[in-house]
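Peer 1: Handing you a structure now.
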Amino acid sequence: AGDLRGDLAGRQHQFAQVVGIEGREENLAKARFARDCLGLANFDLRQGDVRRVSPDREGRFDVTLCLGILYHIEDPALFDFVMTLGRMTTRLLVVDTHVALRGKTTVRWEGADWNGRRMIEHAPGSTPDQVRDRRWSSLDNPTALWLTEASLLKLLTRAGFTSIHLCKA
């Protein structure tokens, strides 16, 4: 690992500037540890809520990685977040998310119907400590909206993304 760290640190000018946003301090500490072990000086880690990102504050990016977050967001914040990604991303958005196989819920947003399924993020009556300790769930919303594949593709198109490649496992 020492050789790898030295090699990476010596070639920092070849790497992109990276901004990572994480809502929970415990997860952020793990990311900082990995960044520091690898000597990635161009990796800026910030604690924050992705539902509140903006191009004015975070900037615009050639590539945006939206990994494992969409299926933790409730509407209308889900729609607003994807539209913000469209304004922040200049070339490529990579999305890793769950989708609803069938739409059991229809949501009206911006004059269109969006199909999906509501999923429970936190049980009713969860205490703030219980919500905080569920590190792989939403920061605070009790439910999330998983869009169907068709609705997700429609939303990405509306956000300005012109080419979409699907990889299914």
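Peer 1: From the gyration tensor of the Cα coordinates in the chain, what semi-axes in whole Å does the equivalent ellipsoid have, largest first, with each one equal to sqrt(5λ)? Before the final figure, lay out each step's value.
Peer 2: Working: eigenvalues 185, 90, 38 Å².
Working through the eigenvalues yields semi-axes of 30, 21, 14 Å.
Peer 1: Helix-only mean residue ellipticity at 222 nm, the chain, DSSP H runs n ≥ 4 weighted -39,500 (n - 2.57), per residue, nearest 500. What is it?
Peer 2: Numbers: 6 runs with 55 residues, N = 169.
For the chain, the value works out to -9500 deg cm²/dmol.
Peer 1: Right, something else. So what are the radius of gyration and Dmax for the Cα set of region 122-169, in Å?
Peer 2: 15.7, 42
Peer 1: Okay, moving on. First select every other residue whose beta carbon is under 14 angstrom from the beta carbon of Ala77; then total the charges, Lys and Arg +1, Asp and Glu -1.
Peer 2: Values: positive: Arg51, Arg52, Arg118; negative: Asp49, Glu74, Asp75, Asp80, Glu110, Glu121, Asp140.
Value of the local net charge: -4.
Peer 1: Just to be sure I follow the definition: excluding the sites themselves, where is the longest run in the chain that has none of the trypsin sites (Lys or Arg not before Pro) in a DSSP loop with at most 12 other Cβ atoms within 10 Å? Mind showing how you got there, number by number?
Peer 2: Details: sites that count: Arg11, Arg60, Arg102, Lys104, Arg135, Lys168.
Longest site-free region, per DSSP loop and neighbour criteria: 12-59.
Peer 1: Counting other Cβ atoms within 10 Å, keep those with at most 13, restrict to DSSP loop, and tell me which GluC sites (Glu not before Pro) in region 69-169 are left.
Peer 2: Details: sites: Glu74, Glu110, Glu121, Glu149; in loops: Glu74, Glu110, Glu121.
Those satisfying the criteria are Glu110.
Peer 1: Counting pairwise Cα distances across region 28-125, what percent come out greater than 19 angstrom? Could the numbers behind the result be given before it?
Peer 2: Values: 2628 of 4753 pairs.
Of all Cα-Cα pairs in region 28-125, 55 percent lie more than 19 Å apart.
Peer 1: Further, regarding this structure: Given the protein chains as shown and a 1.4 Å probe, how many square angstrom of Leu67 are accessible, to the nearest 10?
Peer 2: 100 Å²
Peer 1: Starting at the first residue of region 124-135, write each ³J(HN,Hα) from the Karplus equation 6.51 cos²θ - 1.76 cosθ + 1.60 with θ = phi - 60°, in whole Hz, x for Gly and Pro.
Peer 2: For region 124-135, the Karplus-derived couplings read x, x, 4, 7, x, 5, 5, 4, 4, 6, 7, 5 Hz, x marking Gly and Pro.
Peer 1: Students sometimes get this wrong: rank Val82, Val131, Val95 by accessible area, probe 1.4 Å, all chains present, largest first.
Peer 2: On the way: Val82 0, Val131 20, Val95 50 Å².
Order by accessible area, largest first: Val95, Val131, Val82.
The values are calculated or read from the model by the stated rules, or taken from the named source; none is laboratory data. Computed from a prediction, not measured in an experiment: that's the story for all the values here. Virtual Cβ from ideal backbone geometry, glycine too; neighbours counted across all protein chains shown. For accessibility, only protein heavy atoms count, side chains too; no ligands or nucleic acids. Shrake-Rupley method; radii C 1.70, N 1.55, O 1.52, S 1.80 Å.
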